[in-house]
1. Just need a number here: residues in segment 25-65 that are of a type outside the set (A, V, I, L, M) and closer than 19 Å to Gly181 by Cα.
2. Please verify whether Gly77 is outside the structural domain of Ser295 (by TED's automatic domain parsing), touching a helix residue (DSSP H, G or I) at 6+ places or on another chain (Cβ under 8 Å) and either surrounded by fewer than 23 Cβ atoms within 10 Å (Cβ to Cβ) or not small (Gly, Ala, Ser) (or both), treating the condition exactly as stated.
3. Considering only segment 20-31, I want to know if a residue exists there that is under 18 Å from Asp267 (Cα atoms), small (Gly, Ala, Ser) and within 18 Å of the chain's Cα centre (by Cα).
4. Among residues belonging to segment 308-323 that are aliphatic (A, V, I, L, M) and under 14 Å from Gly286 (Cα atoms), point out the one that is surrounded by the fewest Cβ atoms within 10 Å (Cβ to Cβ).
5. Do you know which residues across segment 291-322 are assigned to a strand (DSSP E or B) and either in contact with a Lys or Arg (Cβ under 7 Å, 6 or more places away or on another chain) or within 23 Å of Ser258 (Cβ to Cβ) (or both)?
6. Scan (1) under 30 Å from Pro220 (Cβ atoms); (2) in contact with a helix residue (DSSP H, G or I) (Cβ under 9 Å, 6 or more places away or on another chain); (3) surrounded by fewer than 19 Cβ atoms within 10 Å (Cβ to Cβ) for the single condition Gln99 breaks and write down its number.
7. Taking segment 267-290 only, how many residues are buried (at least 22 other Cβ atoms within 10 Å of the Cβ) and touching a Lys or Arg at 6+ places or on another chain (Cβ under 6 Å)?
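The values are calculated or read from the model by the stated rules, or taken from the named source; none is laboratory data. This is a predicted model, so every value here is computed, not measured. When we count neighbours, we look across all protein chains shown, and the Cβ atoms used for this are built from the backbone with ideal geometry, even at glycine.
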Amino acid sequence: MSHGVRTRPEGSGQPLSEAYDTALLDLDGVVYAGGSAIAHAVESLAAARAGGMRLAYVTNNALRTPDAVAGHLTELGIPTAADEVITSAQAVARLISEQVPAGARVLVIGGDGLRVALRERGLTPVESADDDPAAVVQGYGGLDLPWGRFAEAAYAVARGVPWFASNTDLTIPSGRGIAPGNGAAVEVVRIATGAEPQVAGKPQPPMHRETILRTGARRPLVVGDRLDTDIEGAFNGEVDSLLVLTGVTDGARLLAASPRHRPTYVDADLRGLLTGQPEITREGDGFRCGGWTASAGAERLELDGDGEGLDGLRALCAAAWTAAGDGSCELDGGKALARLGL
């Protein structure tokens with residue numbers, strides 16, 4: 001991945017599943033939503049695997065174990081082994097193991113995913129600040145995590161015990177809507193103690209390192225739906241990324257993306273793994289992709305032509321990102337986006 005400022009999505013003359021050896025796939029919003037597979041995910045992943053691409057599932061959710069995640073994916077029709085799942089619990093457990101003695105006690109504020117990952121690293125999970133822990137680790141513990149667990153963390157952190165967090169996502173999607181995530185729980189302890197945790201999950205480098213160590217990927221492609229975790233994580237890891245529009249990111253957020261949030265490729269869903277990506281060319285003051293030409297006006301983004309909506313979005317990205325440079329585009333793209341029907 002280039003260290004320069006990305007000013008447009010890139011093209012690819014071959015299918016992405018052939019251009020990259022491993023897909024590092026986010027789960028919620030990419031592979032499934034709630035308890036169901038997202039449209040085209042099952043068959044697209046099967047085809048990518050059949051063509052030789054390795055699949056790895058990378059999640060910031062530290063609650064479920066790799067076995068549980070693999071089981072869920074298999075039930076959805078995506079055969080998955082536990083060693084194909086990488087969690088922020090694994091990343092934070094490695095981070096802790098590098099800073100405390102072997103066998104050290106770690107106060108766990110979270111669920112089984114954290115405990116399994118700590119034991120894998122030879123560490124001993126404990127439940128109380130009175131158990132003389134060498135570290136405190138906080139990860140998503142589900143909706144039934146008692147409030148008293150945050151107090152337990154605060155007692156230890158206030159005494160100077162090193163504090164770690166699997167991730168700091170403020171929200172987590174659920175079948176009933178958006179719920180507070182681990183980042184919200186981390187804020188509770190931060191407010192009580194004034195301390196700052198070491199964070200392992202996306203977009204921080206420890207998560208990317210954990211993923212590469214476990215997969216052995218030489219030319220990975222990060223696939224995600226979130227700019228601030230998936231795409232920024234790819235940026236921090238200096239690898240390429242594919243944004244799919246099946247999750248939280250819409251066209252307006254994409255056009256306003258700052259450099260660290262600009263994906264290499266943009267596609268509707270996981271079928272994008274199986275195709276090439278169209279080139280975007282400069283034409284005078286505008287950018288052309290497929291049948292569309294986009295340009296940056298004084299107050300808004302302009303779009304002319306017709307064709308596939310995604311090509312129009314790619315052209316608009318080129319116009320917006322070029323106009324913004326190393327900042328965030330503030331031009332109005334609403335009218336242009338409305339023409340695309342995305």
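1. 11
2. Values: outside the structural domain of Ser295 (by TED's automatic domain parsing): yes; touching a helix residue (DSSP H, G or I) at 6+ places or on another chain (Cβ under 8 Å): yes; either surrounded by fewer than 23 Cβ atoms within 10 Å (Cβ to Cβ) or not small (Gly, Ala, Ser) (or both): yes.
Criteria met by Gly77.
3. From segment 20-31, those under 18 Å from Asp267 (Cα atoms) are 20, 22-31; that's our starting set.
Restricting the remaining residues to those that are small (Gly, Ala, Ser) gives 23, 29.
Adding the requirement that they be within 18 Å of the chain's Cα centre (by Cα) leaves 23, 29.
Yes, because at least one residue in segment 20-31 is under 18 Å from Asp267 (Cα atoms), small (Gly, Ala, Ser) and within 18 Å of the chain's Cα centre (by Cα).
4. Looking only at segment 308-323, we keep the residues that are aliphatic (A, V, I, L, M), and these are 310, 313, 315-316, 318-320, 323.
From what's left, under 14 Å from Gly286 (Cα atoms): 313, 315-316, 318-320, 323.
Numbers: Leu313: 26, Ala315: 33, Leu316: 29, Ala318: 23, Ala319: 28, Ala320: 26, Ala323: 17.
Among residues in segment 308-323 that are aliphatic (A, V, I, L, M) and under 14 Å from Gly286 (Cα atoms), the one surrounded by the fewest Cβ atoms within 10 Å (Cβ to Cβ) is Ala323.
5. Step one: filter segment 291-322 for residues assigned to a strand (DSSP E or B), giving 292-296, 300-305.
Hits for segment 291-322 are Ala294, Ser295, Ala296, Arg300, Leu301, Glu302, Leu303.
6. (2)
7. 2
For (1) under 20 Å from Ser44 (Cβ atoms); (2) crowded, with 18+ Cβ neighbours inside 10 Å, each residue gets a yes or a no:
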{"site": "Val223", "(1), (2)": "yes, yes"}
{"site": "Asn236", "(1), (2)": "no, no"}
{"site": "Leu245", "(1), (2)": "yes, yes"}
{"site": "Thr249", "(1), (2)": "yes, yes"}
{"site": "Ala294", "(1), (2)": "no, yes"}
